[in-house]
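Worksheet for the structure shown next.
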Amino acid sequence: MSSLIATTTDFLTTAILFRALGWNHIVATFLGAICGGIVNCSMNYRWTFRGTSRTKRGVAMRYLIVWGGSILLNTWGVAMLTWILKPYYGINLDTLVGSKVVVALLVAVCWNFVLQKRWVFK
């Protein structure tokens, strides 16, 4: 549930910045990931992995490392996928959201969950 809420925050922020405000798709993706990450860490600390024996500071330091990698992977992945799709579909909200979905799922499963469960909140 925390991942769903954080992802919704990320996608809405990205969509608003890109579509409503006309920001660059890479900047919008980066800032969306930051907003989603803040929501994710807060919810995971409080509810999802509440059994952690780490202090808030200890969790925050480890989370920042994992989150930094996640932001880089998400931003780079969306940039690469939209670059690949651009000749076929252009860069529009549909292409951006489709790219974000594919990349976000891969990063969430292969990077975020594994490292948060085994290292950040252990």
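Descriptive notes on the structure:
- Taking the criterion of being open to solvent by 40 Å² or more (accessible area, probe 1.4 Å) and modelled with pLDDT of 85 or more, the only residue of the stretch 40-51 that qualifies is Ser42.
- Annotation: of all residues in the stretch 8-55 being among the hydroxyl-bearing types (Ser, Thr, Tyr) and within 19 Å of Phe121 (Cβ to Cβ), the one that is farthest from the chain's Cα centre (by Cα) is Ser53.
- Test: residue in the stretch 80-98 that is closer than 30 Å to Lys122 by Cβ and either in contact with a strand residue (DSSP E or B) (Cβ under 6 Å, 6 or more places away or on another chain) or among the β-branched types (Val, Ile, Thr) (or both): no
- Residues satisfying the stated conditions in the stretch 83-122, i.e. open to solvent by 30 Å² or more (accessible area, probe 1.4 Å), aliphatic (A, V, I, L, M) and over 30 Å from Thr55 (Cβ atoms): Ile84, Leu85, Ile91, Leu93, Val97, Val101, Val102, Leu105, Leu106
- Flag for Val66 being modelled with pLDDT under 90 and either under 23 Å from Ala28 (Cβ atoms) or surrounded by 13 or more Cβ atoms within 10 Å (Cβ to Cβ) (or both): no
- Per-region count, the stretch 8-33, residues closer than 13 Å to Val103 by Cβ and open to solvent by 80 Å² or more (accessible area, probe 1.4 Å): 1
- Qualifying positions in the stretch 42-90 - hydrophobic (A, V, I, L, M, F, W, C) and within 16 Å of Ala104 (Cβ to Cβ): Val66, Trp67, Ile71, Leu72, Leu73, Trp76, Val78, Ala79, Met80, Leu81, Leu85
The values are calculated or read from the model by the stated rules, or taken from the named source; none is laboratory data. No experiment lies behind these values; they were computed from the predicted model shown. Virtual Cβ from ideal backbone geometry, glycine too; neighbours counted across all protein chains shown. Only protein heavy atoms, including side chains, enter the accessible area calculation; ligands, DNA and RNA are left aside. Shrake-Rupley method; radii C 1.70, N 1.55, O 1.52, S 1.80 Å.
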